[in-house]
Amino acid sequence: MTFKQYIRSIINSYSIIFFSDRYFFAVILMAVSFLNVFAGICGFISVVLASLLSDILGYDKYKTEKGYYGFNCLLIGLGIGLNFQPDWLVMIIVLIASFITLLFTVVLENTLGKNLLPYLSLPFLIPFWFILLAMRELHFLALSDQGILFLNELFVIGGNRLIDIYDWWNNFELITSVKIYFLSLGAIFFQYKVIPGILIAFALLYYSRIAFTLSLIGFYAAFFFYQLMGAGFSEMGFSYIGFNFILTSIAIGGYFLIPSKTSYFWALILTPVTVLFTLSLSRFFNVWHIYIYSLPFNLVVLLFLYAYRLKVYKPARSLEVEIQRNSPELNLYMSLNSNHRFKDYSLYPIRLPFYGEWKISQGQKGELTHKSKWQHAWDFVIIDSEGNTYRDYGTKLDDYYCYNKAVLSPYDGYVHEIIDGIPDNEIRDVNVEDNWGNTIIIRHGEGFYSKISHLRPGSFKVMKGEWVRAGQLIAFCGSSGRSPEPHIHMQFQEVPFLDGETIDYPISQYVKKTDAGYEYNSYSYPKKDEIVSNVEINTLMKKAFHLIPGDVLNFEVEKKGKVKKAEWEVFTNIYNYSYIYCKTSNSYAYFVEDGKTFYFYNFIGSKRSLLYYFFVSAYKVPLGFYKNVTVKDTFALHFVFSKAGLFLQDFIAPFFVFLNSDYCLKYSEIDEVINPSYLKLISSAEKTFFGRKTGKKEFSMEISGDGIETLTIFLKNKTIKATCIR
């Protein structure tokens, strides 16, 4: 690992205790650990040792850098440092304990990881108990007197005045529960004092409003449960174990589950469970005169997560966090946005089965044959400018515009069945014995088939059992079966049978012709009399947004008369995620380009960088070009709003969202439709508060045969223009 990676691993080891990877939060927690200098040194040395050994032993560098291998070592270093008087012999024990803890971390990670369970702070607990029991036999080690040392340290920092403030707080009886809450927070770092707890509380509030709220919910739910049940209660005793309720609430309510009414419900329900575990385990561990520390938190969280994942009936939208962003707010906002943006992306991206523009002569739930269990189907024909489906008199099959036109596979799959040899009908005649006529059934996935009927006999270009690609020529349009005139019939079904019942399934991406031009549709259902076509890929758009690893883009950015440079490079990480990295601003924009659409889905870095403006301006770009067509989408809130702007929203976001951020793209100009050399896109990002517009950014992007030429950003009081340098 590099030196920077070592620094990150040390810093993250502090914040990950609260499921965070925010540096500012980590710095405050590190400062709290040094309120007892010797304990702070022991904890720091433990983390450094864990990072070094993790790298030397060849463990996952990413996990090491994130602090996953270091935070349990930090806890054991702090625990030993705060329990024993400063001594070089204690430092030897710290080094040994850190090494043992690292081994436990790796073993438990592998053991629990087989069931996709976290190891939490179990790697700290087990060796710490053994070491505490063993150290009772080490007679040269003396127990620490933290109270006196702490007051001495306060005197050094702020003199008698700071000690007076500390004493005033400790004697302030009107807010006993608040004081115990702070004590419980401080106890997470083995500091049973109010001031460390206050610092942690403010840091927690800064890091996450949801985590802060959950910490209060967990603490007070347990506090009042103690009172209600008449459990043995003392201020100091509760402080020693109160962090179990805080961490359980944060873990379940905002980290492992997406923050929501349901996650808050589970956090509340599990608090009494944690209380009972705490009371019973305390009686058991008192036999050895050792504390239970975070054992109740570990057991309850692991028990719940394991049982929760064994559900037979699972909701349509999973409550579990699939991609962990180490922030309850980000987990929530990304989930809400993904549920809106990508709710249909789990479906097969079905395309229309033809080239060019066709009219829907009969739609779903049609008036003729699309009824009952065959109601979810479409019939397609070609019409001329006067709305006719045929030329001349329309008495011959060849008079019909769609007859003998290419029929394409709607998606990848295996040809399951082909029915051929049924002759085309004479015009206005039908074959009710062979109702479907010549038909192809394609298996796209388990329990998902497409069926295309009324094809011309002898026109099949594929064979049964053959693998076909989306858009591949499979046959030609005919008029066989129950077909009074040539047309294409398409439907989707769960079974491979010829008379299988249809299912309701959308077309992934198409354009509809209107009086004003064209209208873009995504995962929608074409209706009767609409003229539709697949999105035809524009060569300039395809080239401009086809970004592959190794591509480098350089820009000159003009702002207020000054010119600066920005350099981007395209990468793919070990998980095969593509992203653009801006060296100038150290920012990352993650994207997908599937051949039909380019879209961004995550951004990390400076919101003042050119890469951020590109991320917002090209948030979703279908790669066709239809003048004046608009494409709309929504942003995750944290992509557009500042942290201060989201402060109040964060508190109630699991229950109600009153902020919104919308994206709009318009295809503005093109010099030539057939062989273009220039086009222009206009886009915007708009913020709303309870439906009322509060801000808007607008963008203009020019594209040539060489790719993106310029990106212009129109802000409230200034204009920024970036020109690509080649």
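The values are calculated or read from the model by the stated rules, or taken from the named source; none is laboratory data. It should be emphasised that the depicted structure is a prediction, and the values quoted were computed from it without experimental measurement. Every residue, glycine among them, receives a Cβ derived from its backbone with ideal geometry; neighbour counts consider all protein chains shown.
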- Task: Taking only region 319-364 into account, find how many residues are under 22 Å from Phe265 (Cβ atoms), hydrophobic (A, V, I, L, M, F, W, C) and surrounded by 20 or more Cβ atoms within 10 Å (Cβ to Cβ).
- Result: 3
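Of the residues Tyr313, Tyr291, Tyr306, which single one is surrounded by fewer than 20 Cβ atoms within 10 Å (Cβ to Cβ), among the hydroxyl-bearing types (Ser, Thr, Tyr) and part of a helix (DSSP H, G or I)? Please lay out each step first, then the result.
Values: Tyr313 fails: part of a helix (DSSP H, G or I); Tyr291 fails: part of a helix (DSSP H, G or I).
Only one candidate qualifies: Tyr306.
In this structure, does Thr688 turn out to be among the hydroxyl-bearing types (Ser, Thr, Tyr), more than 21 Å from Gly624 (Cα to Cα), in contact with a Lys or Arg (Cβ under 7 Å, 6 or more places away or on another chain) and assigned to a strand (DSSP E or B)?
no
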- Task: Restricting attention to region 70-114, report how many residues are in contact (Cβ under 8 Å) with a residue 40 or more places away in the chain and in a loop (DSSP other than H, G, I, E, B).
- Result: 4
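Here are some residues: Thr395, Thr369. Which one is over 26 Å from Tyr449 (Cβ atoms), out of contact with any helix residue (DSSP H, G or I) (no Cβ under 9 Å at 6 or more places or on another chain) and not in a strand (DSSP E or B)? Can you show your working first?
Values: Thr369 fails: over 26 Å from Tyr449 (Cβ atoms).
Of the residues listed, the single one that is over 26 Å from Tyr449 (Cβ atoms), out of contact with any helix residue (DSSP H, G or I) (no Cβ under 9 Å at 6 or more places or on another chain) and not in a strand (DSSP E or B) is Thr395.
Looking at Phe647, Phe614, can you tell me which residue is surrounded by 21 or more Cβ atoms within 10 Å (Cβ to Cβ) and either in contact with a Phe, Trp or Tyr (Cβ under 6 Å, 6 or more places away or on another chain) or touching a residue at least 40 places away in the same chain (Cβ under 8 Å) (or both)?
One residue alone meets the criteria, Phe614.
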- Return yes or no: is Met30 buried (at least 18 other Cβ atoms within 10 Å of the Cβ) and not small (Gly, Ala, Ser)? yes
- Taking interchain pairs and intrachain pairs at least six residues apart, which have beta carbon atoms under 7 angstrom, with the first residue in region 667-684 and on the phi < 0 side of the Ramachandran plot and polar (S, T, N, Q) and the second modelled with pLDDT under 95 and assigned to a loop (DSSP other than H, G, I, E, B)? Ser677/Asp671; Ser677/Gly705
- Within region 404-419, can one find any residue that is over 18 Å from Thr502 (Cα atoms), without any contact (Cβ under 8 Å) to a residue 12 or more places away in the chain, in a loop (DSSP other than H, G, I, E, B) and not aromatic (Phe, Trp, Tyr)? no
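Conditions tested, residue by residue: (1) farther than 20 Å from Tyr23 by Cβ; (2) touching a Cys at 6+ places or on another chain (Cβ under 9 Å).
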position: Leu35; (1), (2): no, no
position: Ala39; (1), (2): yes, no
position: Gly43; (1), (2): no, yes
position: Ser46; (1), (2): no, yes
position: Leu49; (1), (2): yes, yes
position: Asp55; (1), (2): yes, no
position: Gly58; (1), (2): yes, no
position: Glu65; (1), (2): no, no
position: Tyr69; (1), (2): no, no
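What are the residues in region 344-363 that are among the hydroxyl-bearing types (Ser, Thr, Tyr), closer than 14 Å to Met490 by Cβ and not in a strand (DSSP E or B), if any? Please lay out each step first, then the result.
Going through region 344-363, the residues among the hydroxyl-bearing types (Ser, Thr, Tyr) turn out to be 345-346, 348, 355, 361.
Applying the additional criterion that residues be closer than 14 Å to Met490 by Cβ yields 348, 361.
Once the filter is applied, which keeps residues that are among the hydroxyl-bearing types (Ser, Thr, Tyr), closer than 14 Å to Met490 by Cβ and not in a strand (DSSP E or B), region 344-363 yields only Tyr348.
Results for (1) touching a residue at least 24 places away in the same chain (Cβ under 8 Å); (2) assigned by TED's automatic domain parsing to the domain that holds Asp504; (3) farther than 24 Å from Ser480 by Cβ; (4) not charged (D, E, K, R), shown as yes or no for each residue.
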residue: Glu329; (1), (2), (3), (4): yes, no, yes, no
residue: Asn339; (1), (2), (3), (4): no, no, yes, yes
residue: Gln364; (1), (2), (3), (4): yes, yes, no, yes
residue: Gly394; (1), (2), (3), (4): yes, yes, no, yes
- Item | Top-ranked residue in region 501-513 [being within 32 Å of the chain's Cα centre (by Cα) and charged (D, E, K, R); ranked as nearest to Asn388 (Cα to Cα)] | Lys512
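Conditions (1) out of contact with any Leu (no Cβ under 7 Å at 6 or more places or on another chain); (2) at pLDDT below 95; (3) in the same structural domain as Asp398 (by TED's automatic domain parsing); (4) in a loop (DSSP other than H, G, I, E, B), marked per residue:
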position: Val430; (1), (2), (3), (4): yes, yes, yes, yes
position: His444; (1), (2), (3), (4): yes, no, yes, no
position: Lys461; (1), (2), (3), (4): no, no, yes, yes
position: Ala475; (1), (2), (3), (4): no, no, yes, no
position: Val495; (1), (2), (3), (4): yes, yes, yes, yes
position: Asp499; (1), (2), (3), (4): yes, yes, yes, yes
position: Asp504; (1), (2), (3), (4): yes, yes, yes, yes
- Out of curiosity, is Gly517 on the phi > 0 side of the Ramachandran plot and assigned by TED's automatic domain parsing to the domain that holds Tyr619? no
- Message: Filter region 528-553 down to the residues that are in contact (Cβ under 8 Å) with a residue 40 or more places away in the chain, farther than 18 Å from Pro410 by Cα and exposed (fewer than 15 other Cβ atoms within 10 Å of the Cβ) and list them by number.
- Response: Asp529, Thr539, His546
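In region 433-452, what residues are buried (at least 20 other Cβ atoms within 10 Å of the Cβ) and touching a residue at least 40 places away in the same chain (Cβ under 8 Å)? Spell out how you get there, then give the answer.
We begin by selecting, within region 433-452, every residue buried (at least 20 other Cβ atoms within 10 Å of the Cβ); these are 436-442, 444, 449-452.
Within region 433-452, Trp436, Gly437, Asn438, Thr439, Ile441, His444, Tyr449, Ser450, Lys451, Ile452 meet the criteria.
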- Query: Looking at region 514-569, what strands (runs of 3 or more DSSP E) fall wholly within it and have at least 3 residues that are under 29 Å from the mean Cα position of the chain (by Cα) and either closer than 13 Å to Thr597 by Cα or at pLDDT below 95 (or both)?
  - Reply: 517-524
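A quick yes/no check of all residues on (1) polar (S, T, N, Q); (2) surrounded by 20 or more Cβ atoms within 10 Å (Cβ to Cβ); (3) within 47 Å of the chain's Cα centre (by Cα):
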position: Gln375; (1), (2), (3): yes, no, yes
position: Trp378; (1), (2), (3): no, yes, yes
position: Tyr390; (1), (2), (3): no, yes, no
position: Val407; (1), (2), (3): no, yes, yes
position: Tyr411; (1), (2), (3): no, yes, yes
position: Pro423; (1), (2), (3): no, no, no
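Out of Leu455, Leu397, Leu498, report the one residue that is aliphatic (A, V, I, L, M), surrounded by 22 or more Cβ atoms within 10 Å (Cβ to Cβ) and more than 40 Å from the chain's Cα centre (by Cα). So that I can check it myself, show each step before the final result.
Working: Leu397 fails: surrounded by 22 or more Cβ atoms within 10 Å (Cβ to Cβ); Leu498 fails: surrounded by 22 or more Cβ atoms within 10 Å (Cβ to Cβ).
Sole residue among the options that is aliphatic (A, V, I, L, M), surrounded by 22 or more Cβ atoms within 10 Å (Cβ to Cβ) and more than 40 Å from the chain's Cα centre (by Cα): Leu455.
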- Item | Residue that is surrounded by the fewest Cβ atoms within 10 Å (Cβ to Cβ), among those in region 184-205 that are of a type outside the set (Val, Ile, Thr), farther than 22 Å from Phe124 by Cβ and touching a helix residue (DSSP H, G or I) at 6+ places or on another chain (Cβ under 7 Å) | Leu205
- Item | Tally of residues being more than 17 Å from Phe99 (Cβ to Cβ) and either β-branched (Val, Ile, Thr) or crowded, with 20+ Cβ neighbours inside 10 Å (or both) across region 44-65 | 1
- Query: Take the residues of region 326-371 that are at pLDDT 90 or above and charged (D, E, K, R): which is farthest from the chain's Cα centre (by Cα)?
  - Reply: Lys359
- Task: State the number of residues belonging to region 437-449 that are within 15 Å of Ala475 (Cα to Cα) and not β-branched (Val, Ile, Thr).
- Result: 2
- (1) under 19 Å from Lys716 (Cα atoms); (2) among the hydroxyl-bearing types (Ser, Thr, Tyr); (3) part of a strand (DSSP E or B): which one isn't true of Ser668, the others all being true? (1)
